[in-house]
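Below: one structure, written as structure tokens.
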Amino acid sequence: MENASQPLTIYSGLTSEDIAALDSLVSYKALDTGEYLFHQHTQARSVYMLEEGMLMMERSSSTGRRQVMAFMQPGNFIGITHNEHYEFTVSALSPARIREIPIKPFIALQDELPQLKENVRRIGGNILAHTLDQVFALGQKKAHERVCFLLKQLADRLPKERRHLIELVMTRQDIADYLGLTIETVSRAFGKLKREGVIDIFSAHTVEILDQDTLEELALAD
């Protein structure tokens, strides 16, 4: 049985034989900062699992306007799509190591391994829940609350002993395009949280959470 304290991954609940069958499909990719894993509208040929580094998912309109959809951390599963093309672009915010699995044999393996199919279903549900939380935060929260929402998302994926210290490898523009704000508003929001003692800012890329309870209260998506 899956340990509830462990995050859901594509491997959750699989037997050693199941894992070996899945790993037989895996190849590895390495991306440098700024390199693309794939582009929006290109043919979907593979799914991916992030092992190291951080990736950014974004979507652009026909007029060129951009919305950052997610910042992906190790353990994230990437490439679920409902048609033959990717609906978003994924690039590396830091050097990344990625597992790649061709889509067709991966789908065929799910028919043989019910637990794998269930994991994919649950991961899809988690992605939807994340999207709904983001939509709520963008629509209902003030700027400093949106920044707390992002910081909590990033902290929750870190080991417990390191959750108070967050490295922001993305740019302020990336953060603004994720939270639906301008760069200037993002800067003011960080400044407000620092003045109120919720966070400290050591550099443009390092934030320390000083008041975890307040940050989580401001970040709540309900």
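The values are calculated or read from the model by the stated rules, or taken from the named source; none is laboratory data. Treat the numbers as computed from the prediction; the structure is a model and nothing was measured. Cβ placement follows ideal geometry from the backbone for every residue including glycine, while neighbour counts extend to all protein chains displayed. Accessible surface is based on the protein model in full, side chains and every heavy atom, while ligands, DNA and RNA are left aside. Shrake-Rupley method; radii C 1.70, N 1.55, O 1.52, S 1.80 Å.
Which number in (1) farther than 20 Å from Ser27 by Cβ; (2) in contact (Cβ under 8 Å) with a residue 12 or more places away in the chain marks the one condition that Pro114 misses?
The single condition Pro114 does not satisfy is (2).
Condition check: in contact with a helix residue (DSSP H, G or I) (Cβ under 9 Å, 6 or more places away or on another chain), under 22 Å from Thr171 (Cβ atoms) and of a type outside the set (Val, Ile, Thr). Does Gln115 satisfy that?
Against the criterion (in contact with a helix residue (DSSP H, G or I) (Cβ under 9 Å, 6 or more places away or on another chain), under 22 Å from Thr171 (Cβ atoms) and of a type outside the set (Val, Ile, Thr)), Gln115 does not qualify.
For segment 17-63, enumerate the residues that are without any contact (Cβ under 8 Å) to a residue 12 or more places away in the chain and surrounded by fewer than 13 Cβ atoms within 10 Å (Cβ to Cβ).
Correct list: Glu17, Ala20, Asp23, Ser24, Ser61, Ser62, Thr63.
Counting just the residues of segment 86-105 that are modelled with pLDDT under 95 and surrounded by 19 or more Cβ atoms within 10 Å (Cβ to Cβ), which one comes out nearest to the chain's Cα centre (by Cα)?
Ranking the qualifying residues of segment 86-105, first place goes to Phe88.
Just wondering, is there one or more residues in segment 141-155 that are open to solvent by 70 Å² or more (accessible area, probe 1.4 Å), of a type outside the set (A, V, I, L, M, F, W, C) and in a helix (DSSP H, G or I)?
No, segment 141-155 contains no residue that is open to solvent by 70 Å² or more (accessible area, probe 1.4 Å), of a type outside the set (A, V, I, L, M, F, W, C) and in a helix (DSSP H, G or I).
Against the definition (buried (at least 16 other Cβ atoms within 10 Å of the Cβ) and touching a Ser or Thr at 6+ places or on another chain (Cβ under 7 Å)), how does Val186 come out, yes or no?
It is false that Val186 is buried (at least 16 other Cβ atoms within 10 Å of the Cβ) and touching a Ser or Thr at 6+ places or on another chain (Cβ under 7 Å).
Can you name every one of the strands (runs of 3 or more DSSP E) wholly within segment 1-85 that holds 1 or more residues which are more than 21 Å from Gln134 (Cβ to Cβ)?
By residue number, 27-31, 36-38, 46-52.
Looking at Leu138, Leu109, which one is modelled with pLDDT of 95 or more and not β-branched (Val, Ile, Thr)?
Leu109
So which strands (runs of 3 or more DSSP E) stay within segment 164-222 end to end and still have 3 or more residues that are at pLDDT below 95, within 26 Å of Pro95 (Cα to Cα) and among the small types (Gly, Ala, Ser)?
Those strands (runs of 3 or more DSSP E) do not exist here; none qualify.
Does segment 163-179 include one or more residues that are within 30 Å of Ser60 (Cα to Cα), touching a residue at least 60 places away in the same chain (Cβ under 8 Å) and in contact with a Ser or Thr (Cβ under 7 Å, 6 or more places away or on another chain)?
yes
Of the residues Asn119, Asn83, Asn76, Asn126, which single one is touching a residue at least 12 places away in the same chain (Cβ under 8 Å), open to solvent by 70 Å² or more (accessible area, probe 1.4 Å) and either under 30 Å from Ala20 (Cβ atoms) or of a type in the set (D, E, K, R) (or both)?
Only one candidate passes the filter, namely Asn126.
Would you confirm, using the coordinates I've provided, whether Val68 is surrounded by 14 or more Cβ atoms within 10 Å (Cβ to Cβ) and touching a helix residue (DSSP H, G or I) at 6+ places or on another chain (Cβ under 6 Å)?
In short, yes.
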